[in-house]
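Undergrad: Structure in structure tokens, see below.
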Amino acid sequence: MSALLEVSGVSVSFDGFRAINNLSFSIGPTELRAIIGPNGAGKTTFMDIVTGKTRPDSGTVTWGEKGISLLKLSEAEIARAGVGRKFQRPTVFEDQTVAENLTLALKSPRGPLAALWFHLTGAGRQRVEELAAKVGLTDHLSRKAGELAHGQKQWLEIAMLLAQEPKLLLVDEPAAGMTLAERELTTAMLVDLAKSHAVVVVEHDMDFVRRLNCRVTVLHEGSVLAEGSLDHVTADPQVIEVYLGRG
Amino acid sequence: MTLPLTETPTPATQAPAPLSSFQKYPGGPGAEPPAGSGAEPRGSAALAPRSFLAKNPSVFWFLLALAVLTAVVTILSPALGMGAMSTSFVKTLGKTLCLCIAALAMDVVWGYTGILSLGHMAFFGLGGYMIGQWLMYARTEEIVVAALASDPIPPTAIEIAQGVTTQIFGVVGSSDLPLVWSFAHSLPLQLMLVVLVPGVLAGIFGWLAFRSRVTGVYLSILTQAMTLALSLYLFQNDSGLRGNNGLSGLQNLPGLAETSQDDLSIWFFWASALGLALAYLLCAWATSGKFGSVLRAIRDDEARVRFLGYPVEGFKLFVFTATAVLCGLAGALYYPQAGIINPAELAPIASIYLAVWVAIGGRGKLYGAVIGAALVSLLSTWFTGGRAPQVPLGFYTIDWVDWWQVLLGLAFVCVTLFAPKGIGGIFDRIAPPDRKGAPLGPDDGALMEKEARE
Ligand SMILES: Nc1ncnc2c1ncn2[C@@H]1O[C@H](COP(=O)(O)OP(=O)(O)OP(=O)(O)O)[C@@H](O)[C@H]1O
Ligand SMILES: [Mg+2]
């Protein structure tokens, strides 16, 4: 099975500080992967590179069967190619309703003219309703997203991510601000999604990662320290020293 | 490829809570739907297709108000004999309606999309220049033909053209028809230029600026530089548009020499009212659907919009150019009523005023922009026209011709500080905005305050 996303030898510096150092990473089309690592390890920066927000100083990022270089594409083109992202801090459009947020994210042609002539069809409406139901926001569809609680915004953003129908989902700390029960639902949802998608999850909470029951990549100082099952990496003396040893 | 969302997802082995029980957790503690929400329409009502008027309640009231205004002005106009209103006042009102169209364009580009363009009055002026060229050329041609008609030999086309050129360009000491007047003989061609010149200029400018991701105050400064450069260029005699003389006599329509200004003024007023109605409908339509949703999203967080796959730069360029064309059309309706256009009309301050009108009226609301433009420009005409009574303070007499600018500046500062939603915000107090049946939640007042601070 060829990789959906292949990151190799990527480095990036911010004012001389190497946030990502010769990082290599690859994920298949239907795979669940957890990324863990201490604060400042470069997890978010890694997602920034894949989604085109940050341009690396060196290295390659290739996508799909044809091996397209993502480094040549704009953020919007990368998103249209099938990379969806949920941000660490929930970022929804607070001044718009939950329904509008979901409609915005809903997979559809993205140009200005297409948006002008856009009509929410029966199928689209049904899909928005399904997504809202899936994340428990049905009763909130007509509320402004800014009025939602923190946890609800997280759910809204997850629903927006699903609405885009991406091939690869980059999920940065989804469980922050969620109750224990909600965390469990999130893990279940992610595991389920990974049956047909590539899913990368960044998370600090070890119990959460354990429930994902997937391959784990440990980042430290911008490069991969260890990779394997959770038990394997947590047994790694280096990992224990830099990560688990601290907290 | 679609996600398997329709079928109930199989709970993963580790998940103690099956997904079906999920809906009991609508977002965690502290986020219960507000009391009484059971009686509210279910959330899916928010998705039900609604008619254009239902989505834009302001459209009906706006069109009604405009129709009433048009009827009143028509009855009072000198054209219909009542004569309670002077011809020049009818023209002032007609011009005001054109300024309202420009304000609508400004509101879409600034209030909705967040691009503070301080150059849109340049496009307005360009539209005026383009229609002015035809008006001036065709009128002058009539006069020249009439003058030459007394000659024993009928004049040739070349003689007429030469006569027109001397008439128009005598003031700037030129005897050749500049290249930019090549189409001036034809109304359809000049009307095309009314659209094309502002459109192409805005397109090129926007493409360069947005492609380099120039945003915020830097973009505003760039648009000011553009309008300054344009007006300085037009001030030169060799720009081909008569330098600081500008174009004049635009109130005289070719072929209608017999028609009185009384009639022309009301015709143009009607045309302006129709133009404003159409522009309002167009802007309401564009901003109410998904397009408007994308624009507001760009205004609030453009980076996030990119990650949803929308070509943000393409949207900005589209809006910038389309609103520039709308301004050009408004200018083409305005200047025949003003009678004269010169490069001062494109001065940077004109575009700043446009932004001030929209801010005072309430940006992000179409009717706010119209109210702001109408109110402030009419007040401005009143104060600067020397008709406002002077205020003798004993030691100093306030002469409004001088002090109006100060008053306007103060009003702008006050609105920015104390009523960021502008005059349009008052309407929300009287008739709260349509929340689509959803309550604001327990802390209703707090939210209004938060919005007011935005
Ligand atoms: N735009 C930037 N400019 C300067 N430094 C940056 C920038 N983005 C990230 N960094 C730095 O790069 C390092 C990696 O940051 P990153 O946000 O990727 O860490 P992280 O692994 O996501 O951490 P956390 O667990 O706290 O989210 C940090 O030291 C951060 O300060
Ligand atoms: Mg991070």
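Undergrad: Probe 1.4 Å, all protein chains in place: accessible area of B:Thr321 in Å², nearest 10?
TA: 30 Å²
Undergrad: Compute the whole-percent fraction of alpha carbon pairs in chain A spaced more than 27 Å apart.
TA: 37 percent
Undergrad: Let me ask something additional. Could you check the spin-label model distance between B:Ile349 and B:Leu278? Points 7 Å from the Cα along Cα→Cβ, value in nm.
TA: 3.3 nm
Undergrad: In nanometres, what is the gap between the two model label sites at B:Asn237 and B:Ala303, each 7 Å from Cα along Cα-to-Cβ?
TA: According to this spin-label approximation, the distance is 5.4 nm.
Undergrad: Placing one identical point scatterer on every Cα of the protein assembly as shown and ignoring solvent, what is log10 I(q)/I(0) from the Debye formula at q = 0.09, 0.11 Å⁻¹?
TA: -0.88, -1.13
Undergrad: With contacts defined as alpha carbon pairs under 8 Å and 6 or more residues apart, what's the relative contact order of segment A:91-165 in percent?
TA: 56 percent
Undergrad: Could you size up the charge dipole of the protein assembly as shown around its Cα centre, putting +1 on the beta carbon of Lys and Arg and -1 on that of Asp and Glu, and report it in debye to the nearest 20?
TA: On the way: 51 positive and 57 negative charges, 139 e Å.
With only Lys, Arg, Asp and Glu charged at Cβ, the dipole is about 660 debye.
Undergrad: Taking 0.36 nm per residue of separation and subtracting the Cα-Cα distance, what length does fully extending B:Trp270 through B:Glu159 add?
TA: Here the answer is 36.2 nm.
Undergrad: Considering only DSSP states other than H, G, I, E and B, which trypsin sites (Lys or Arg not before Pro) in segment A:1-102 qualify as loop sites with at most 12 other Cβ atoms within 10 Å? Write down the numbers at each step before the final one.
TA: Numbers: sites: A:Arg18, A:Arg33, A:Lys43, A:Lys53, A:Lys66, A:Lys72, A:Arg80, A:Arg85, A:Lys86; in loops: A:Lys53, A:Lys66.
Here the sparse-neighbourhood loop sites are A:Lys66.
Undergrad: I would also like to ask the following. R0 = 30 Å: FRET efficiency of A:Thr179 with A:Ala114, Cβ-based, nearest 0.05?
TA: That pair, A:Thr179 with A:Ala114, gives E of 0.15.
Undergrad: Now a separate question. How are the alpha carbon pair distances in segment B:56-348 distributed across 10 Å bins from zero to the largest one, expressed in percent?
TA: Final binned percentages: 6, 25, 29, 23, 12, 4, 1, 0.
Undergrad: Can you give the local net charge around A:Ser11? Use residues other than it whose beta-carbon is closer than 9 angstrom to its beta-carbon, Lys and Arg +1, Asp and Glu -1.
TA: Residues close to A:Ser11 contribute a combined charge of 0.
Undergrad: How much solvent-accessible surface does B:Thr323 expose, in Å² to the nearest 10, with a 1.4 Å probe and all protein chains in place?
TA: Per-residue accessible area (B:Thr323): approximately 10 Å².
Undergrad: Here is a follow-up. Compute the relative contact order of chain A as a whole-number percentage, counting only Cα pairs closer than 8 Å that sit 6 or more residues apart in sequence.
TA: Value for chain A: 27 percent.
Undergrad: So for segment A:91-165, taking the charge dipole from beta-carbon charges (+1 Lys/Arg, -1 Asp/Glu), which of A:Leu141, A:Thr121, A:Thr91 sits furthest toward the positive end?
TA: A:Thr121
Undergrad: Follow-up question, since we're still on this one. Over the protein assembly as shown, with the other protein chains present, what is the accessible area per residue in square angstrom, probe 1.4 angstrom?
TA: Result: 43 Å² of accessible area for each residue.
Undergrad: Tell me the angle of helix A:122-134 to the major Cα principal axis of chain A, expressed in degrees between 0 and 90 and rounded to the nearest ten.
TA: For A:122-134 against chain A, the angle is about 50 degrees.
Undergrad: Right, another one. Counting each DSSP H run of 4 or more residues in the protein assembly as shown as -39500 (n - 2.57), what helix-only mean residue ellipticity at 222 nm follows after dividing by all residues, to the nearest 500 deg cm²/dmol?
TA: It comes out at -16500 deg cm²/dmol, rounded to the nearest 500.
Undergrad: Summing Lys, Arg as +1 and Asp, Glu as -1, what charge do residues with Cβ under 13 Å from the Cβ of B:Val180 carry, B:Val180 excluded? Mind dumping the intermediate values first?
TA: Numbers: positive: B:Arg242; negative: B:Asp176, B:Asp238.
Surrounding charge for B:Val180 is -1.
Undergrad: Take the Cα atoms of segment A:74-186, find their three principal axes, and give me the spread along each one in whole Å, biggest first.
TA: Rounded to whole Å, the extents work out to 43, 30, 23 Å.
Undergrad: Next question, about the same structure. Calculate, in nm to one decimal, what B:Leu76 and B:Ala411 gain on full extension: separation in residues at 0.36 nm each, minus their alpha carbon distance.
TA: Between B:Leu76 and B:Ala411, full extension yields an extra 117.4 nm.
Undergrad: Oh, and also: Modelling each spin label as a point 7 Å along the Cα-to-Cβ direction, I'd like the B:Ala419/B:Glu258 distance in nm, to one decimal.
TA: Placing both labels 7 Å beyond Cα along the Cβ direction yields 5.1 nm.
Undergrad: Roughly how far apart, in whole Å, are the Cα centres of segment B:253-318 and segment A:76-123?
TA: Segment B:253-318 and segment A:76-123 have Cα centres spaced 24 Å from each other.
The values are calculated or read from the model by the stated rules, or taken from the named source; none is laboratory data. Being a predicted model, the structure only gives us computed values, none of them experimental. Quick reminder, even Gly has a Cβ in these numbers, built from the backbone with ideal geometry, and neighbours come from all protein chains shown. In case anyone asks, the SASA skips ligands and DNA or RNA and just uses the protein heavy atoms, side chains included. Shrake-Rupley method; radii C 1.70, N 1.55, O 1.52, S 1.80 Å.
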